[in-house]
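Visitor: Take a look at the following structure, please.
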Amino acid sequence: MQMDLDTYRQESRETWDRLAPGWEDRREWIMDITGRVNDWLAQAVEPRPGQTVLDLAAGTGDLGFEIADRVGPDGWVISSDFSPDMVEVARRQGQACGATNVDYRVVDAESMELEDDSVDAVVCRWGYMLMASPAAALAETRRVLRAGGPVAFAVWATPDRNPWAAVPGMTLVQRGHMPPPEPGAPGLFAMGERARIRELVTEAGFGEPRTVELPMMFRWPDFDDLWDSLVRLAGPLAQAIAALPEDEHEATRAAIEKNTASFRVVDGTYAAVGVTWGVLAR
């Protein structure tokens, strides 16, 4: 059965509002693992003093804060998310780190209330692949960018490169709690293939994208922490788990623990690789 995208949009917004406290609580853990992705994106768009940069699906806002330092007091970062609760998390983090040149906004990337040619660069970390229509979002990105301006974004590579999410996701599919991925449907790995990235980027009016692999290692002290990261951070997976009745919730947890046994390291901690694409286009 084909996904109803309007229902998906509503449920996705509700999910990210619900997960916002977890992202705030686990922000340092996330940044320790994925900070190099922020560094690559910030460097890729070459922000210069005085520029205006749009950060889409900004989450806790850290990528935008890094760019805010580079554009300086005469520049501006629009830190945006379609989840109002996530925007408030970013606002609190920005106040804590003293970022004074950041504007926090609730923005739907598929239909932005921004003027044409109004920003110098756009960044987006793990947003486009989860949007109901990444094609619409990329077309909107092209519309708001000034001529020649860059967009840099990160999307997860294919499931075989990302067992940290693929193994729990496969378990949920096997137990009937998530449908198998549909071609073209939004999801963690919806833009995992280079060919799909190129198709979406060029059809939105950009030139040939440059893609690089950015590997990382997820680490957890024990399975309890791995489970906590799934149910409090992992978007579509967390949504599926939250909908389970209590008895099936516990059975699913046990199944995921069994299937992630391969993540266990000699010292009892857990580790799993991840690979994301860094993409740059103009």
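Visitor: When all C-alpha to C-alpha distances in the chain are sorted into bins of 5 Å, what percent of pairs does each bin hold, rounded to whole numbers?
Guide: 1, 6, 12, 17, 19, 18, 13, 8, 4, 2, 0, 0
Visitor: Now for a separate question. Roughly how many Å is it from the Cα centre of the stretch 92-136 to that of the stretch 254-282, as a whole number?
Guide: So the separation of the two Cα centres works out to 28 Å.
Visitor: Next question. Can you tell me the relative contact order of the stretch 204-282? Whole percent, Cα pairs under 8 Å, sequence separation 6 or more. Present the calculation step by step, with values, prior to reporting the outcome.
Guide: Details: 77 pairs, mean separation 48.4, N = 79.
With pairs under 8 Å counted, the relative contact order is 61 percent.
Visitor: Here's another thing I want to ask about it. Semi-axes of the equivalent ellipsoid for the stretch 78-213, please: Cα gyration tensor eigenvalues, times 5, square-rooted, ordered largest first, whole Å.
Guide: On the way: eigenvalues 151, 86, 36 Å².
Output for the stretch 78-213: semi-axes of 27, 21, 13 Å.
Visitor: Let me ask you something else. Roughly what % of Cα-Cα distances in the stretch 137-201 sit above 20 Å, to the whole percent? Please list the in-between numbers first.
Guide: Numbers: 824 of 2080 pairs.
Summing the P(r) of the stretch 137-201 above 20 Å gives 40 percent of all pairs.
Visitor: Run lengths n ≥ 4 of DSSP H only: what is the helix-derived mean residue ellipticity at 222 nm for the chain, with -39500 (n - 2.57) per run over all residues, to the nearest 500?
Guide: Details: 10 runs with 129 residues, N = 282.
Calculated mean residue ellipticity at 222 nm is -14500 deg cm²/dmol.
Visitor: Please tell me the relative contact order of the chain in percent, rounded to the nearest whole number, where contacts are Cα pairs under 8 Å and at least six residues apart. The partial results should precede the final answer.
Guide: Working: 510 pairs, mean separation 55.1, N = 282.
Answer for the chain is 20 percent.
Visitor: How high is the relative contact order of the stretch 1-131, in percent, with contacts defined as C-alpha pairs under 8 Å that are six or more residues apart? Please report the intermediate quantities before stating the final value.
Guide: Working: 201 pairs, mean separation 35.9, N = 131.
Answer for the stretch 1-131 is 27 percent.
Visitor: Go ahead and run the numbers for FRET between GLU88 and ASP224, Cβ-Cβ distance against an R0 of 30 Å, rounding to 0.05. Please list the in-between numbers first.
Guide: On the way: r = 28 Å, r/R0 = 0.93.
After rounding, the FRET efficiency stands at 0.60.
Visitor: Plugging the Kirkwood radius over Cα pairs into Stokes-Einstein for the stretch 189-252, at a temperature of 20 °C and a viscosity of 1.002 mPa s, what D comes out in µm²/s?
Guide: Details: Rh = 15.0 Å.
Calculated translational D: 143 µm²/s.
Visitor: How much solvent-accessible surface does ASP224 expose, in Å² to the nearest 10, with a 1.4 Å probe and all protein chains in place?
Guide: Spelled out: ASP224, probe radius 1.4 Å, area about 90 Å².
Visitor: On alpha-carbon atoms, Rg over Rh for the stretch 84-136 using Kirkwood Rh? Walk me through the numbers on the way to the answer.
Guide: Values: Rg = 12.8 Å, Rh = 13.0 Å.
Checking Rg against Rh, the ratio lands at 0.99.
Visitor: Ranked from highest to lowest mean number of other Cβ atoms within 10 Å per residue, what is the order of the peptides 274-282, 58-66?
Guide: In decreasing order of mean packing, 274-282, 58-66 become 58-66, 274-282.
Visitor: What's the center-to-center distance, using Cα atoms, between the stretch 1-50 and the stretch 73-91 in Å?
Guide: 12
Visitor: Would you list LEU54, LEU244 from the most to the least accessible area, probe 1.4 Å?
Guide: Correct descending sequence by accessible area is LEU244, LEU54.
Visitor: Moving on to the next point. Ranked from the most accessible area to the least, with a 1.4 Å probe and all protein chains present, what is the order of TYR128, TYR104?
Guide: On the way: TYR128 0, TYR104 35 Å².
Correct descending sequence by accessible area is TYR104, TYR128.
Visitor: Still on this model: Where both partners of a DSSP beta bridge lie in the chain, what percent of those bridges are antiparallel, to the nearest 5? Please report the intermediate quantities before stating the final value.
Guide: On the way: 18 of 36 bridges.
Here the antiparallel bridges make up roughly 50 percent for the chain.
Visitor: In units of 2.2 N^0.38 Å, what is the alpha-carbon radius of gyration of the stretch 154-282?
Guide: Working: Rg = 16.3 Å, N = 129, 2.2 N^0.38 = 13.9 Å.
Its radius of gyration relative to the 2.2 N^0.38 Å reference: 1.17.
Visitor: Starting from the Cα of GLU115, step 7 Å along the direction of its Cβ; do the same at ARG175; then give the gap between the two resulting points in nm.
Guide: With each label placed 7 Å out from Cα toward Cβ, I get 5.2 nm.
The values are calculated or read from the model by the stated rules, or taken from the named source; none is laboratory data. Keep in mind the model is a prediction, meaning the values are calculated, not measured. Neighbour counts run over all protein chains shown; Cβ positions are idealised from the backbone, glycine included. Accessible surface is based on the protein model in full, side chains and every heavy atom, while ligands, DNA and RNA are left aside. Shrake-Rupley method; radii C 1.70, N 1.55, O 1.52, S 1.80 Å.
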